[in-house]
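Visitor: Mind having a look at this structure? Questions to follow.
The values are calculated or read from the model by the stated rules, or taken from the named source; none is laboratory data. Since this is a predicted model, take the numbers as computed values, not measurements. Positions of Cβ are backbone-derived with ideal geometry, glycine not excepted, and every protein chain shown enters the neighbour counts.
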Amino acid sequence: MDNQNSGNIFKAYSLEITILVAALLVSSTMFVTFGSLSSTNAAILSRLSGGPATGAVVAGANQVGTLDAQAQGAGQLQNIQVDIGDSPATGSANAPVTIVQFEDPSCPFCAAAHGENQNIISYFKQRDPTWQAPMPQVIADYVASGKVKLVYKYFPGHGKGEDAMKILWCSNEQGKFWDLLDDMYANQDLMEADNLAGLKAVATSKGVDSAALETCLASGKYNSRFQSETAQGSAARIGGTPGFIVNGRLIEGAVSYPQMKQAIEAALAG
């Protein structure tokens, strides 16, 4: 074998070894990153690991978009009308901006938007260190000042939140919906485990009357609401959770607070 052929073979083996080492490093990194997560969060983050670029908006486990991309959608994503009805709402009835939230209590991305689920928040911050959970600051900066009213509607983004949603609707009858919402997001492990008793305990810990809650749940009065609100979301072009309608404009995904603020300020400016 001549020297030239020997050199070529050596280079080929070197390239294969380099690729193998790189693959092992990637897999070991993923193991370290996801090893301590719940199976649900680990699966979602694993699917996203090669996904959106920094600053992208993740609306659900399989939906990625950006505000800029949405802006190019023109009329299809503007002037969307949603019947609020008797959905849970907070803020001034005369607020100039209404944000309709389509969410699922079991959705990890919805939890992150509310400042819960630190695994998903950490993922966002790894991709974009400036990312900020939008909803706590929307409430502090705009709802408290009377500029924004929030309305909550269900949309099936993860599929394990129906029991929690029924409890939230029943709690709304006692004026406890918004007191309880973030605590539900903080206890998504109970939803994954189908732990209805645990979810009820979360509700009563926030002052929800247990007897009234049991009566409400037993009545089944909200069972049909899942279908009607899902239909509303689909009509509003909600493709994943969370999805927000800001004075008729669709904002998809757990956007960072500055992006949500930009949408609110644009709505306030008319």
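Visitor: Could you check, for the stretch 245-266, whether at least one of its residues is within 17 Å of Gly157 (Cα to Cα), free of Cβ contacts under 8 Å to residues at least 40 places away in the same chain and either touching a Ser or Thr at 6+ places or on another chain (Cβ under 7 Å) or among the aliphatic types (A, V, I, L, M) (or both)?
Guide: Quick first cut of the stretch 245-266, residues within 17 Å of Gly157 (Cα to Cα) only: 245, 250-255.
Applying the additional criterion that residues be free of Cβ contacts under 8 Å to residues at least 40 places away in the same chain yields none.
No; the residues of the stretch 245-266 include none that is within 17 Å of Gly157 (Cα to Cα), free of Cβ contacts under 8 Å to residues at least 40 places away in the same chain and either touching a Ser or Thr at 6+ places or on another chain (Cβ under 7 Å) or among the aliphatic types (A, V, I, L, M) (or both).
Visitor: Within the stretch 164-189, work out how many residues are assigned to a loop (DSSP other than H, G, I, E, B) and touching a residue at least 24 places away in the same chain (Cβ under 8 Å).
Guide: From the stretch 164-189, those assigned to a loop (DSSP other than H, G, I, E, B) are 173-176, 186-187; that's our starting set.
With the extra rule that they be touching a residue at least 24 places away in the same chain (Cβ under 8 Å), the set shrinks to 173-174, 176, 186.
Summing the residues that are assigned to a loop (DSSP other than H, G, I, E, B) and touching a residue at least 24 places away in the same chain (Cβ under 8 Å) in the stretch 164-189 gives 4.
Visitor: State which residue pairs qualify: first residue in contact (Cβ under 8 Å) with a residue 60 or more places away in the chain and inside the stretch 191-213, second residue of a type in the set (Val, Ile, Thr) in any location, beta carbons under 6 Å apart, and separation of 6 or more residues or different chains.
Guide: Close Cβ pairs satisfying both conditions: Glu192/Thr40.
Visitor: So is Val208 part of a helix (DSSP H, G or I), within 27 Å of Ile99 (Cα to Cα) and touching a helix residue (DSSP H, G or I) at 6+ places or on another chain (Cβ under 6 Å) or not?
Guide: Judged against the criteria, Val208 is not a match.
Visitor: So which of Thr130, Thr98, Thr90 ends up being over 27 Å from Leu196 (Cα atoms), β-branched (Val, Ile, Thr), surrounded by fewer than 20 Cβ atoms within 10 Å (Cβ to Cβ) and touching a strand residue (DSSP E or B) at 6+ places or on another chain (Cβ under 7 Å)?
Guide: Only one candidate qualifies: Thr98.
Visitor: Here is a further query. Are any residues in the stretch 157-176 over 16 Å from Glu214 (Cβ atoms), surrounded by fewer than 20 Cβ atoms within 10 Å (Cβ to Cβ) and touching a helix residue (DSSP H, G or I) at 6+ places or on another chain (Cβ under 8 Å), and if so, which ones?
Guide: Lys160, Glu162, listed by residue number.
Visitor: Mind listing whichever residues of the stretch 200-224 are of a type outside the set (Lys, Arg) and closer than 15 Å to Leu181 by Cβ? Full working, then the answer.
Guide: Applying the first criterion (of a type outside the set (Lys, Arg)) to the stretch 200-224 yields 201-205, 207-220, 222-224.
Residues satisfying the conditions are Val202, Ala203, Ser205, Gly207, Val208.
Visitor: Within the stretch 125-151, which residues are part of a loop (DSSP other than H, G, I, E, B) and touching a helix residue (DSSP H, G or I) at 6+ places or on another chain (Cβ under 9 Å)?
Guide: Answer for the stretch 125-151, where residues must be part of a loop (DSSP other than H, G, I, E, B) and touching a helix residue (DSSP H, G or I) at 6+ places or on another chain (Cβ under 9 Å): Thr130, Trp131, Gln132, Ala133, Lys147.
Visitor: Identify, by number, the condition in (1) within 14 Å of Leu150 (Cα to Cα); (2) assigned to a strand (DSSP E or B); (3) of a type outside the set (Val, Ile, Thr) that Leu250 doesn't meet.
Guide: Unmet for Leu250, out of (1) within 14 Å of Leu150 (Cα to Cα); (2) assigned to a strand (DSSP E or B); (3) of a type outside the set (Val, Ile, Thr): (1).
Visitor: Another question, if that's okay. Looking only at the stretch 101-124, filter to residues that are part of a loop (DSSP other than H, G, I, E, B) and charged (D, E, K, R); which one of those is surrounded by the fewest Cβ atoms within 10 Å (Cβ to Cβ)?
Guide: Initially, the stretch 101-124 is screened for residues part of a loop (DSSP other than H, G, I, E, B), giving 104-107, 114-117.
From what is left, the residues that are charged (D, E, K, R) are 104, 116.
Details: Asp104: 27, Glu116: 22.
Applying the filter and picking the extreme gives Glu116.
Visitor: Surrounded by fewer than 16 Cβ atoms within 10 Å (Cβ to Cβ), out of contact with any helix residue (DSSP H, G or I) (no Cβ under 6 Å at 6 or more places or on another chain) and at pLDDT below 95: is that true of Gly220 in this structure?
Guide: Considered against the rule, which asks whether it is surrounded by fewer than 16 Cβ atoms within 10 Å (Cβ to Cβ), out of contact with any helix residue (DSSP H, G or I) (no Cβ under 6 Å at 6 or more places or on another chain) and at pLDDT below 95, Gly220 comes out as no.
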